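> Quick one: the structure is below, questions incoming.
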Amino acid sequence: MGRLEDLQAFARVVDARGFSGAARLLGTTKSAVSKQVVRLEDQLGTRLLHRTTRSVSPTAEGRAVYERALRLLDDALALETELAGRRDEPRGVLRLSVSTAFGNLQFTSLMAEFCAKHPQIDVVLGLNDRYVDLAEEGFDVVLRLTHKPSDGLVARRLAAIRFVLCAAPAYLAAHGEPLAVADIAGHRCLRFGYLQSPDRWRFRHGAQGEAEVETRGALRFESGLTANSSESLRVAALAGLGLAVLPTYAVGADLRAGRLKAVLPDWQPVGGLADANTLYAVYLPSRHPAPKVRALIDFMLEKMGDVPPWDREETMETCP
């Protein structure tokens, strides 16, 4: 069997689906990683990777070696941690990515407590309103708001994300409050332009099923980002520009303080922006996640609980 460093280089090439991404993960050069993989192939006497100008993928033999390599690397890391006497002391640089809105409104404040609890972890937080490739960009964990995590990644469910149709009391006083989904058609609506069919909103009622309505725009935010950035919609709603569908992590405090009011609370928004209905922690597959990754996930699960912090202490009137 080849050297442990060569196995690690090969495993990172498979994870990153390329030599450049593996080099970034390992903090080395593309040529150095390529030499390590070639050396491992020579030592094992078999081809481990299919190489084209555009992609890299493991052969059947390479897949078997990859699975074994993960186990060996995990065992080596566990042994190193045990011998160093720090099995239960997470440490090192933890690179995280989270959407800008969720990061600014909820996650950054949580990180202050996490960093105080784990002083040996150096957190590098990226706020990204785009899809992040963990392997290619070298992130340890991505907090993803979605209804379905990507295949090929480990995903830990952290919390449900609720959405609510809401508006400023001043807007409702001036324009009237919708009493049925069909009434929304006569109101000014705040929307994202990049979503599929942004002019139609859908809602679900526990007893009455689904309803759809065509909306009349007051303000549309056009963006090339395929991500959830709710801060601008929240500001527009607070300014009384119209109705908005927003996650309660963005407007929970506003609802409780009366700055915004839930509209048609028995109808749950679905589709479009509201598809991002679950918070996941996702990371690359491994037999045992690194202690720093486990520490973050355990912390988040503890903080989220059965009901996430932003949904606590709400009255029934403000709940969809």
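Where a number appears in this text, it was derived from the coordinates with a stated rule and is not lab data. This structure is a prediction, so every number in the text was calculated from the model and none was measured.
> Step through the residues of region 123-140 one at a time and calculate ³J(HN,Hα) from phi using the Karplus curve (6.51 cos²θ - 1.76 cosθ + 1.60, θ = phi - 60°), rounding each to whole Hz and writing x for Gly and Pro.
Each residue's phi maps through the Karplus curve to give 8, 10, 9, x, 9, 10, 8, 7, 6, 9, 8, 4, 5, 5, 9, x, 7, 7 Hz.
> Also: In whole Å, how far is the Cα centre of region 1-64 from that of region 256-317?
37 Å
> Sticking with this one: Give me the compactness ratio for the chain, meaning the Cα radius of gyration over 2.2 N^0.38 Å.
Working: Rg = 23.7 Å, N = 320, 2.2 N^0.38 = 19.7 Å.
So the Cα radius of gyration is 1.20 times the expected 2.2 N^0.38 Å.
> Collect residues whose amide H, placed 1.01 Å from N in the peptide plane, falls under 5 Å from the amide H of CYS189; neighbours closer than 5 in sequence don't count.
Correct list: ARG216, GLY217, ALA218, LEU219, LEU243.
> Follow-up. Among DSSP bridges having both ends in the chain, what percentage is antiparallel? Round to the nearest 5.
Looking only at bridges with both residues in the chain, the antiparallel portion is about 65 percent.
> For ARG200, which sequence-distant residues (separation of 5 or more, or a different chain) have an amide H within less than 5 Å of its own amide H, given hydrogens modelled in the peptide plane?
Here the answer is THR215, since their amide H atoms fall under 5 Å of that of ARG200.
> Separate question: For the chain, what is the mean residue ellipticity at 222 nm derived from helices alone (per DSSP H run of n ≥ 4: -39500 (n - 2.57); sum divided by total residues; nearest 500 deg cm²/dmol)?
Numbers: 10 runs with 113 residues, N = 320.
Value at 222 nm, helices only, nearest 500: -11000 deg cm²/dmol.
> Using the structure shown, list the pairs from LYS148/LYS303; LYS148/LYS292; LYS35/LYS148 with a Cα-Cα distance above 28 Å, or answer none.
LYS35/LYS148
> For the chain, calculate the relative contact order in percent as a whole number, restricting contacts to Cα pairs under 8 Å that are 6 or more residues apart.
On the way: 567 pairs, mean separation 68.7, N = 320.
Reported relative contact order: 21 percent.
> Stick to the Cα atoms of region 4-83, pair each with every other, and give me the Kirkwood hydrodynamic radius in Å at one decimal.
Numbers: mean 1/r = 0.0788 Å⁻¹.
Roughly 12.7 Å, rounded to one decimal.
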